[in-house]
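The block underneath contains the structure these notes are about, expressed in structure tokens.
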Amino acid sequence: MILSRRHFFFGSLALPPLAAAKATGDRPNILLIMVDGLPAWMLGCYGGKEVRTPSIDQIAATGVRFRNHFTASPSAGPGRASLLTGRTALQLGGGESIPSDEVSLAQILGGLGYACLAADAGASDAVAAQTVKFLDEQAAGRPFFLTAGFTDLVPPYDGVAQKYRDLYAKEPFESCFPSEQPSAAARSGKEMLPDLLGSLRKVAAAITALDDRVGSLTARLKQRQLLDNTLIVFTSTSGSLYGRHGLWGSGDASAPVDMYEETVLTPMILRWPVRLPPQTSRPESVSACDFVPTLCEITGATPPTRNLSGRSYLTVAMGKPLPKKDPWRNVVFSHLQDTDMVRDSLYKLVLRDGGKGPNEFYDLLKDPREASNGYSDGQYASIRPSLAAELAKWKQRFSS
């Protein structure tokens, strides 16, 4: 039996208490806004030039933005499952949903007395309406954990209102061109590639429509006088290529699956003015698997007794120094199907089928768009083995 993303947990009524509270005294409400298939590179606060995302940008301007946040798996289902459990895609079996024997954030926080709801069923309008309804029903004195999961940012984007389409009717999307020809490796989203400019205009309209819904949620928090005591988290379960590398979609849009920066680099923005400094941009490489430990530290919850690969980044987000003997790690990992990625601040190694290939290696400083596969390049012969060793160690430790 598995628990789908549409399974609802209503506080401690769902399951017996699974976490013990510490004496924090300032436990916040939590609004987790989670989008499938939204890459960081499209958002204004991450340097996007054409797509209008003022509501998301405002959360970043009043909170902490991690510039290098990576999904644990560049596909919506596995990426979501890792984010909500802190477990790697290997540990979760790589499936679309959370296995029933795993411990999710809703269970952890429900055990602390949080009122919990996952609003992610149906189109974005329905999700936004359900989220607003839940906020209006909350009683004073009891914290809540509300997930607004937007899952309909997928082709062909036909349900987007005309007013959003009009915003981009003449947008040239110069930052996206020149673009590659459609890739022979494309598995899904191929219909969006022949008219790339038209497709970019469609997805831009869909993203701006989503941004308006995000704005409506923050506006309701403010109206209910809940904004300052609510930790708002905006993130994405996976990225998307939107024409780059001749592909459209997340890592599973190609065969074999890919680990390009556009699919693994996702937004992570946290706003909580009580504890987190505004207008903060952090350079550390963090993983979606770090989210559960971070929320546990924020709320005073005891982390589940599982083999978690992540580490809380609350100290980093607060701008405080880490102990010299325990610095932040320099590598992140991702896994999807038979493909594994290890990445540090300079290089990326992608191994498929246990290293049998086809494999990839990129010098991210010289080749940030990952245009040239250097796996067979002799100048990197001394670098690839060390990254491969890091990946092997990670897989051995966090496969179960």
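Looking across segment 59-71, the residues that are outside any loop (DSSP other than H, G, I, E, B) and either under 29 Å from THR302 (Cβ atoms) or in contact with a Gly (Cβ under 8 Å, 6 or more places away or on another chain) (or both) come down to ILE59, VAL64, ARG65, PHE66, ASN68, HIS69, PHE70. Considering each residue of segment 140-150 in turn, at least one proves to be more than 27 Å from PRO304 (Cα to Cα) and assigned to a loop (DSSP other than H, G, I, E, B). So, THR315, is that one within 24 Å of ALA60 (Cα to Cα), open to solvent by 30 Å² or more (accessible area, probe 1.4 Å), modelled with pLDDT of 95 or more and of a type outside the set (A, V, I, L, M) or not? Criteria met by THR315.
Scanning segment 193-218 for residues that are in a helix (DSSP H, G or I) and in contact with a strand residue (DSSP E or B) (Cβ under 8 Å, 6 or more places away or on another chain) yields a count of 5.
Please tell me if LYS348 is part of a helix (DSSP H, G or I), in contact (Cβ under 8 Å) with a residue 60 or more places away in the chain and over 23 Å from PRO277 (Cα atoms). Against the criterion (part of a helix (DSSP H, G or I), in contact (Cβ under 8 Å) with a residue 60 or more places away in the chain and over 23 Å from PRO277 (Cα atoms)), LYS348 does not qualify. Of the residues making up segment 55-71, one or more are modelled with pLDDT of 95 or more, buried (at least 22 other Cβ atoms within 10 Å of the Cβ) and over 30 Å from GLU174 (Cβ atoms). Restricting attention to segment 312-322, does a residue exist that is of a type in the set (S, T, N, Q) and touching a Leu at 6+ places or on another chain (Cβ under 9 Å)? There is at least one residue in segment 312-322 that is of a type in the set (S, T, N, Q) and touching a Leu at 6+ places or on another chain (Cβ under 9 Å). Residue count for segment 72-115, restricted to those that are over 20 Å from the mean Cα position of the chain (by Cα) and not in a helix (DSSP H, G or I): 7. Restricting the first member to segment 146-166 and to residues that are at pLDDT below 95, and the second to residues that are open to solvent by 30 Å² or more (accessible area, probe 1.4 Å) and not in a helix (DSSP H, G or I), the beta-carbon pairs closer than 6 Å and six or more apart or on different chains are ASP152/ALA123.
Taking TYR375 as the residue in question, decide whether it is aromatic (Phe, Trp, Tyr) and assigned to a loop (DSSP other than H, G, I, E, B). Spelling it out, TYR375 is indeed aromatic (Phe, Trp, Tyr) and assigned to a loop (DSSP other than H, G, I, E, B).
If only residues of segment 378-400 that are in a loop (DSSP other than H, G, I, E, B) and touching a strand residue (DSSP E or B) at 6+ places or on another chain (Cβ under 9 Å) are counted, the one that is nearest to TYR260 (Cα to Cα) is ILE383. The combined condition, being under 19 Å from the mean Cα position of the chain (by Cα) and either modelled with pLDDT under 95 or assigned to a strand (DSSP E or B) (or both), is not fulfilled by SER309.
Residue-wise test of (1) over 30 Å from GLU180 (Cα atoms); (2) out of contact with any Ser or Thr (no Cβ under 9 Å at 6 or more places or on another chain).
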{"residue": "TRP328", "(1), (2)": "yes, no"}
{"residue": "LEU336", "(1), (2)": "no, no"}
{"residue": "LEU349", "(1), (2)": "no, yes"}
{"residue": "GLY357", "(1), (2)": "no, yes"}
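In segment 175-196, of all residues being in contact (Cβ under 8 Å) with a residue 60 or more places away in the chain and either of a type in the set (S, T, N, Q) or within 19 Å of VAL51 (Cβ to Cβ) (or both), the one that is most open to solvent (accessible area, probe 1.4 Å) corresponds to GLN181. The condition of being surrounded by fewer than 22 Cβ atoms within 10 Å (Cβ to Cβ) and more than 16 Å from PHE234 (Cα to Cα) holds for only one of ALA89, ALA139, that being ALA139. Filtered by the rule that a residue be surrounded by fewer than 16 Cβ atoms within 10 Å (Cβ to Cβ), touching a helix residue (DSSP H, G or I) at 6+ places or on another chain (Cβ under 9 Å) and on the phi < 0 side of the Ramachandran plot, segment 270-312 gives ARG275, PRO277, PRO278, SER281, THR302, ARG306, ASN307. Quick check on GLY357: is it over 25 Å from GLU262 (Cα atoms), of a type outside the set (Val, Ile, Thr) and either surrounded by fewer than 18 Cβ atoms within 10 Å (Cβ to Cβ) or modelled with pLDDT under 95 (or both)? Here the answer is no, as GLY357 does not meet what is asked. Taking segment 92-112 as the range and being within 22 Å of SER75 (Cα to Cα) and open to solvent by 20 Å² or more (accessible area, probe 1.4 Å) as the test, the residues that pass are GLY93, GLY94, GLY95, GLU96, SER97, ILE98, PRO99, SER100, ASP101, VAL103.
The values are calculated or read from the model by the stated rules, or taken from the named source; none is laboratory data. Source: prediction; values computed, not measured. Every residue, glycine as well, gets a Cβ built from its backbone with ideal geometry; the counts of neighbours run over all protein chains shown. Surface accessibility is based on the protein's heavy atoms, side chains included, excluding ligands, DNA and RNA. Shrake-Rupley method; radii C 1.70, N 1.55, O 1.52, S 1.80 Å.
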